[in-house]
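The values are calculated or read from the model by the stated rules, or taken from the named source; none is laboratory data. Fair warning: this is a prediction, and the values are worked out from it, not measured in the lab. Here Cβ is always computed from backbone atoms with ideal geometry, including for glycine, and neighbour counts include all displayed protein chains.
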Amino acid sequence: MKIAFLADPLSGFKTYKDSTFAMMREAARRGHAVFAFEQRQMFLENGVVQADVAQITMTGDADDWFRAAPAELHSLADFDAVIQRKDPPFDMEYIYGTYLLEMAERHGARVFNKPSAIRDHNEKLSIAQFSKYTSPTLVSSDATRLRAFHAEHSDVIFKPLDGMGGAGIFRVREDGMNLGAVIESLTALETRTIMVQKYIPEIVKGDKRILLINGKPVPFALARIPQGGEVRGNLAAGGVGVAQPLTARDREIAEDLGPQLAARGLLLVGLDVIGNCLTEVNVTSPTCFQEITDQTGFDVPAMFIDALEHQVAGN
């Protein structure tokens with residue numbers, strides 16, 4: 001197959017943990033041709049979505065890991081699969097990218113995850129579709145409502161709807177310390193919608209990332225455990241990742257949501273679970289492939305490329 005990855009600059013990859021790198025390495029190991037381009041290299045002209053795309057050769061060197069051939073102009077339909085792996089923030093540029101990818105689909109491109117499905121599944125808001133698995137949650141920009149939620153639940157987590165890696169997450173306890181400042185800052189004085197959730201004490205045991213590949217759960221989660229008094233378990237915020245088998249509750253959530261999300265065109269999803277509660281549905285560029293593989297021996301990149309090959313062959 002010819003597989004094109006829409007990704008952030010390859011020179012910025014941390015190969016020891018990057019999941020896109022792990023996908024590329026496994027695809028190349030199987031003899032697939034690997035290509036890469038950035039969103040800024042994609043454009044629409046005369047109704048056709050094209051991009052300046054470079055073929056990538058993997059060197060096997062962790063520090064100097066790829067060689068890129070000169071970029072060539074391609075229609076995205078020239079590839080057997082286009083893998084969307086651009087990281088958030090999920091801003092208007094990201095949305096414009098999904099529009100272009102959706103137009104490319106109309107000319108025969110196979111894009112994973114499906115662009116419209118990425119656009120329709122805000123990673124924070126999507127949990128509202130599965131509210132039986134969530135902690136009490138409010139989404140609003142209204143300071144009075146947000147204050148009332150805090151008054152009801154005493155210990156809460158505020159978060160923006162468009163971030164990643166734990167950015168902009170605040171815990172406000174019963175004493176309400178900095179409640180007003182947090183609300184004013186995150187809502188930009190009631191002009192931006194945010195989320196607030198009842199605090200889940202089990203965060204001390206980790207924010208678990210559960211990977212779904214074509215609707216099926218990877219049998220191990222990565223519990224991202226906060227360090228040094230942090231409330232955030234995200235690896236980008238200093239959390240330590242510990243792989244562990246799925247619990248019965250983890251599997252219940254994964255096996256319920258997996259087929260539904262796969263049917264919507266989401267080949268790869270990262271569910272975030274704290275304790276028994278679903279907290280996020282990640283669809284843009286879910287990670288943790290290498291951490292789970294390294295600690296358990298379960299080959300997550302192989303499972304992903306297996307699923308991709310199956311999807312492409314099934315068309």
Completion exercise
When (1) outside the structural domain of residue 170 (by TED's automatic domain parsing); (2) not in a loop (DSSP other than H, G, I, E, B) are applied to residue 286, the one that fails is (2)
Practice task
Considering only region 251-281, state which residues are in a loop (DSSP other than H, G, I, E, B), surrounded by 17 or more Cβ atoms within 10 Å (Cβ to Cβ) and over 17 Å from the mean Cα position of the chain (by Cα).
Solution key: 275
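Yes or no, residue by residue, for (1) touching a helix residue (DSSP H, G or I) at 6+ places or on another chain (Cβ under 8 Å); (2) among the basic types (Lys, Arg):
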{"position": "71", "(1), (2)": "yes, no"}
{"position": "75", "(1), (2)": "yes, no"}
{"position": "80", "(1), (2)": "yes, no"}
{"position": "108", "(1), (2)": "yes, no"}
{"position": "112", "(1), (2)": "yes, no"}
{"position": "119", "(1), (2)": "yes, yes"}
{"position": "123", "(1), (2)": "no, no"}
{"position": "128", "(1), (2)": "no, no"}
Problem - Scan of region 64-84 for residues that are among the aromatic types (Phe, Trp, Tyr) and within 23 Å of residue 307 (Cβ to Cβ), ordered by number - result: 79
Fill in the blank from the handout: Counting only strands (runs of 3 or more DSSP E) entirely within region 145-217, those with at least 3 residues that are exposed (fewer than 15 other Cβ atoms within 10 Å of the Cβ) are none
Handout entry: Residue list for region 30-72, filter: in a helix (DSSP H, G or I) and free of Cβ contacts under 8 Å to residues at least 40 places away in the same chain
Key = 40, 41
Fill in the blank from the handout: Selection from region 171-202 of residues in contact with a Leu (Cβ under 8 Å, 6 or more places away or on another chain), among the hydrophobic types (A, V, I, L, M, F, W, C) and free of Cβ contacts under 8 Å to residues at least 60 places away in the same chain yields 172, 183, 194, 196
Practice task
Look through 91, 18, 8, 87 and report the one residue that is under 21 Å from residue 308 (Cβ atoms), modelled with pLDDT under 95 and under 18 Å from the mean Cα position of the chain (by Cα).
Solution key: 87
Problem - Qualifying positions in region 105-128 - under 23 Å from residue 307 (Cβ atoms) and more than 16 Å from the chain's Cα centre (by Cα) - result: 105, 108, 109, 110
Fill in the blank from the handout: Filtering region 1-29 down to residues that are crowded, with 19+ Cβ neighbours inside 10 Å, aliphatic (A, V, I, L, M) and touching a residue at least 60 places away in the same chain (Cβ under 8 Å) yields 3, 4, 6, 7, 22, 23, 27
Exercise for the section: Please find, within region 30-56, the residue that is surrounded by the most Cβ atoms within 10 Å (Cβ to Cβ) out of those that are modelled with pLDDT of 95 or more and small (Gly, Ala, Ser). Expected result: 51
Practice task
Scan 281, 300 and give me the residue that is touching a strand residue (DSSP E or B) at 6+ places or on another chain (Cβ under 7 Å), within 19 Å of residue 242 (Cα to Cα) and touching a residue at least 60 places away in the same chain (Cβ under 8 Å).
Solution key: 300
